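The values are calculated or read from the model by the stated rules, or taken from the named source; none is laboratory data. None of the values given here were measured: they were computed from a predicted structure. Because the Cβ atoms are built from the backbone with ideal geometry, glycine has one as well, and the counts that use them run over all protein chains shown.
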2 protein chains.
Amino acid sequence: MIRPFEDADWAQVWPFFEQIVRAGDTYTYRTDLTSDQAREVWVQAPPGRTVVFTEGSQLLGTAEMCPNRDGPGAHVANASFMVDPAAGGRGTGRALVEFTIEQCRTDGYRALQFNAVAASNRHAVRLYERLGFAIVGTVPGAFHHPTEGYVGLHVMHLPLT
Amino acid sequence: MIRPFEDADWAQVWPFFEQIVRAGDTYTYRTDLTSDQAREVWVQAPPGRTVVFTEGSQLLGTAEMCPNRDGPGAHVANASFMVDPAAGGRGTGRALVEFTIEQCRTDGYRALQFNAVAASNRHAVRLYERLGFAIVGTVPGAFHHPTEGYVGLHVMHLPLT
């Protein structure tokens with residue numbers, strides 16, 4: 001089930017969010033991000049949205065979406081996803097991306113854009129491509145992966161209209 | 001002369017900053033941005049920098065630069081420029097971009113990236129290309145220009161190492 005984020009959810013989000021951020025191998029967040037800072041960037045005020053994927057009482061993943069830019073750029077959405085590594089391979093990520101695509105379409109965005117998908121995050125790149133996203137361009141060496149070194153950051157894009 | 005921004009400079013920056021933002025034809029800022037909001041986004045705290053171009057007592061333009069992303073993306077700089085339209089054609093923009101390139105190199109960034117250069121802003125695109133930037137990709141229709149309609153947003157990139 002995917003539903004809007006509620007305040008009480010953070011206690012279940014932060015443990016895997018922290019694990020993902022500390023690893024520093026997918027997102028361009030500070031690897032020493034605190035729980036409060038993470039909550040600030042993740043929990044969106046309207047017109048943005050934050051949602052969670054649950055299975056019974058377990059929270060397995062979360063997504064946030066909002067305008068990618070302001071003013072003359074606000075018709076394009078941006079989104080990010082976090083899935084509990086312990087819950088991998090169960091379709092949680094795919095369900096969250098599919099939900100986000102439909103929600104952004106319903107919300108009237110003309111496209112969905114990811115600004116910084118690490119080329120080393122092959123699983124995510126493949127999933128996004130399967131769901132229709134195209135790599136618009138790759139900024140060379142823009143992501144410093146802890147073991148692979150400097151890898152590209154893809155800008156990925158899906159038209160919604 | 002290009003020097004660090006000082007608090008008293010805002011009185012000379014805001015009039016042309018406001019004119020540029022209200023026009024909505026170059027930057028993805030809210031077109032109803034207030035002076036306080038603009039100052040908040042423009043004036044960078046360290047390690048970011050904000051500088052101004054002056055000619056005698058006149059302030060003709062300004063630039064800001066900072067890490068484009070956090071954590072594993074913080075080795076790439078981002079920068080933005082605003083030149084008083086009344087001072088156009090006098091090399092102010094070019095001087096600010098050249099200064100920024102050198103400053104970012106000195107500050108140890110490995111590259112300089114612009115995330116959203118409106119394809120309709122031909123003057124800026126040409127200037128950046130002359131100074132060595134390449135268009136890494138163009139997000140189709142991501143900028144809603146007031147007269148040209150939906151145009152692309154270029155991601156532009158210059159290696160500094």
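Points worth noting:
- Within segment A:61-70, the only residue that satisfies the criterion of being assigned to a loop (DSSP other than H, G, I, E, B) and more than 7 Å from every other protein chain (Cβ to nearest Cβ) is A:Asn68.
- Restricting attention to segment A:1-32, the residues that are of a type in the set (A, V, I, L, M, F, W, C), in a loop (DSSP other than H, G, I, E, B) and surrounded by fewer than 19 Cβ atoms within 10 Å (Cβ to Cβ) total 1.
- Residues that are over 20 Å from B:Val139 (Cβ atoms) and of a type in the set (Phe, Trp, Tyr), drawn from segment A:55-103: A:Phe99
- Any hit, segment A:71-87, residues being more than 13 Å from chain B (Cβ to nearest Cβ), of a type in the set (Asp, Glu), more than 11 Å from the chain's Cα centre (by Cα) and closer than 30 Å to B:Arg22 by Cβ: no
- Scanning segment B:21-41 for residues being out of contact with any Ser or Thr (no Cβ under 6 Å at 6 or more places or on another chain), in contact (Cβ under 8 Å) with a residue 24 or more places away in the chain and within 14 Å of another protein chain (Cβ to nearest Cβ) gives a total of 6.
- Selected residue [of a type in the set (A, V, I, L, M, F, W, C) and over 30 Å from B:His144 (Cβ atoms)] from A:Met82, A:Met65: A:Met82
- Residues in segment B:42-60 that are away from chain A (no Cβ under 14 Å) and assigned to a loop (DSSP other than H, G, I, E, B): B:Val43, B:Gln44, B:Ala45, B:Pro46, B:Gly48, B:Gly56, B:Ser57.
- Extreme residue, surrounded by the fewest Cβ atoms within 10 Å (Cβ to Cβ), among residues of segment B:69-95 that are in contact with a strand residue (DSSP E or B) (Cβ under 9 Å, 6 or more places away or on another chain) and at pLDDT below 95: B:Ala86
- Number of residues in segment B:85-143 that are touching a residue at least 60 places away in the same chain (Cβ under 8 Å) and closer than 22 Å to A:Pro67 by Cβ equals 5.
- Among the candidates A:Thr147, A:Thr100, A:Thr92, A:Thr161, residue that is among the hydroxyl-bearing types (Ser, Thr, Tyr) and within 29 Å of B:Gly108 (Cβ to Cβ): A:Thr147
Conditions (1) within 17 Å of B:Asp25 (Cβ to Cβ); (2) among the β-branched types (Val, Ile, Thr); (3) more than 8 Å from every other protein chain (Cβ to nearest Cβ), marked per residue:
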site: B:Asp107; (1), (2), (3): no, no, yes
site: B:Asn121; (1), (2), (3): yes, no, yes
site: B:Ala134; (1), (2), (3): no, no, yes
site: B:Phe143; (1), (2), (3): yes, no, no
site: B:Tyr150; (1), (2), (3): yes, no, no
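- One residue stands out in segment B:54-68 among those that are surrounded by fewer than 24 Cβ atoms within 10 Å (Cβ to Cβ) and under 30 Å from A:Tyr27 (Cα atoms): the one that is farthest from the chain's Cα centre (by Cα), namely B:Pro67.
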